[in-house]
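Asks: Would you mind keeping the following structure in view while I ask a few things?
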Amino acid sequence: MRVLVTGGAGYIGSHTVHELVREDHHVVVYDNLSKGHKSAVPAGVKFVKGDIRDQELLAQVLKENEIETVVHFAADSLVGESMQQPAKYYHNNVVATLALLDTMRECAVNKIVFSSTAAVYGEPEQWPITEDMPTCPTNVYGRTKLIIEGILADFAMAYGLKYVSLRYFNAAGAHIEGLTGEDHNPETHLVPLILKTALGQREAISIYGTDYSTPDGTCIRDYIHVTDLAAAHVLALKHLVHGGECRVYNLGSQAGFSVREVIDKAKEITGVDFAVREDERRAGDPAVLVASSARIKAELGWKPVWSQLNQIISSAWAWHRKN
Ligand code: UDP
């Protein structure tokens, strides 16, 4: 396959690039490096520093490399920040994706795998969440992704775009051989923040809210290993290249862990009894998000391999200690 990966220097993007390279696909990474790291792109992979809103450059890259399919990661993805800076999210996610889709249309590239999120569901009334449950985001980040899913569906209907939208639950963990890992700046995600605390780089880990309606009062999330996510992107690409229909899939491990449970597991794995602080709730956080991934398992044969909580934390711990 000839694939352009937007945001391919980022966390999930770079893991997906590694999976594609492992299978000998032709990959071009297109990333403006606002968040990503060039060093996360495997050696030998063509890298273009560019913004998806730069339609001239993007069109040139699509044409020159005879790209068949796009995997679109490039986006802002922080729930808390999205509540404080909604304009940034509507521009960088919705407006930029529209520019990407227009350029793809101009260049007759009509297949895309899109990074969506569990945040599109908001506060679901039942778990595990299936793809046909109502979508009602509680934060701006989720709203931007849901708007883009709507645009994809409209472009599919009107222009014949073929897409797969992957709704990630909580991506975590690092490459099993340590080739790449999670390195956001600033870091806001639970697992890396816990591990930085265990390494002594932070004083304490804060629990955002202890009064949720969950057994221990802290939020429950479905953590999925980033390599399992990456593998799902390769399956989605193959589905589209083989003429498959537009689909929306959840990607989770179907197991929920509370913030406290993740902290306790990390203490056990790292052997460090780091400090934990109880803090206020973070705006926009739903109490529980746990996926059913039955659809992608049945239709594309996806199977999470690395997504036990101890595998996730151990692989992330190995990477954090080295980097
Ligand atoms: N969380 C927390 N302390 C932190 C960071 C996150 O308690 O320092 C909680 C957060 O409120 C959420 C869960 O951990 O319930 C996962 O948050 P993260 O930011 O990792 O991912 P998100 O669910 O926002 O995609």
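Asks: Mind checking the full-extension length gain between VAL272 and HIS26? Use 0.36 nm per residue of separation minus the Cα-Cα distance, one decimal, nm.
Replies: Taking VAL272 through HIS26 to full extension adds about 84.3 nm, to one decimal.
Asks: Angle check, please: helix 55-64 long axis (alpha carbons) against the longest principal axis of the chain (alpha carbons), in degrees 0 to 90, nearest 10.
Replies: In the chain, helix 55-64 runs at an angle near 70 degrees to the longest axis.
Asks: Here's another thing I want to ask about it. Just to confirm, what accessible area per residue do you get for the chain at 1.4 Å probe, in whole Å²?
Replies: Ligands and nucleic acids excluded, the figure is 42 Å² per residue.
Asks: Considering only ILE312, GLY271, VAL234, whose Cα is most displaced toward the positive end of the charge dipole of the chain, charges sitting on Cβ of Lys, Arg (+1) and Asp, Glu (-1)?
Replies: Result: VAL234.
Asks: Once the dipole of the chain is set up with Lys and Arg at +1 and Asp and Glu at -1 on Cβ about the Cα centre, which of SER77, VAL45, LEU62 lies farthest towards its positive end?
Replies: The residue sitting most towards the positive pole is VAL45.
Asks: When the accessible area of the chain is split by element with a 1.4 Å probe, what percent falls to carbon and sulfur?
Replies: For the chain, the apolar C and S fraction of the accessible surface comes to 48 percent.
Asks: Using Cα atoms only, what is the angle between the long axis of helix 259-270 and the major principal axis of the chain, expressed in degrees (0 to 90) to the nearest 10?
Replies: Its long axis makes an angle of about 80 degrees.
Asks: Which whole-number percent gives the relative contact order of the chain, counting Cα pairs below 8 Å spaced six or more residues apart?
Replies: Normalised by residue count, the contact order of the chain is 20 percent.
Asks: How big is the charge dipole of the chain about its Cα centre, in debye rounded to the nearest 20, if each Lys and Arg gets +1 on its Cβ and each Asp and Glu gets -1 on its Cβ?
Replies: That gives the chain a dipole magnitude of about 460 debye.
Asks: Also, I was wondering about something else. Is it possible to state the helix-based mean residue ellipticity at 222 nm for the chain, with each DSSP H run of 4+ residues giving -39500 (n - 2.57), the sum divided by total residues, to the nearest 500 deg cm²/dmol? What is it?
Replies: It comes out at -11500 deg cm²/dmol, rounded to the nearest 500.
Asks: For region 68-191, with only Lys/Arg (+1) and Asp/Glu (-1) charged at the beta-carbon, what is the dipole magnitude about the Cα centre, in debye rounded to 20?
Replies: Magnitude of the dipole: close to 300 debye.
Asks: Round to the nearest 10 and give me the degree value, 0 to 90, for the angle of helix 309-322's Cα axis relative to the longest principal axis of the chain.
Replies: The two axes meet at around 80 degrees.
Asks: So if I place +1 on the C-beta of Lys and Arg and -1 on the C-beta of Asp and Glu, and nothing else carries charge, what would the dipole magnitude of region 28-124 be about its Cα centre? I want it in debye, nearest 20.
Replies: Around 180 debye, computed over region 28-124.
The values are calculated or read from the model by the stated rules, or taken from the named source; none is laboratory data. As the structure is a prediction and not an experimental result, all values here were calculated from the model. Heads up, the Cβs are rebuilt from the backbone with ideal geometry, glycines too, and the neighbour counts pull from every protein chain shown. Heavy atoms of the whole protein, side chains included, go into the accessibility calculation; ligands, DNA and RNA do not. Shrake-Rupley method; radii C 1.70, N 1.55, O 1.52, S 1.80 Å.
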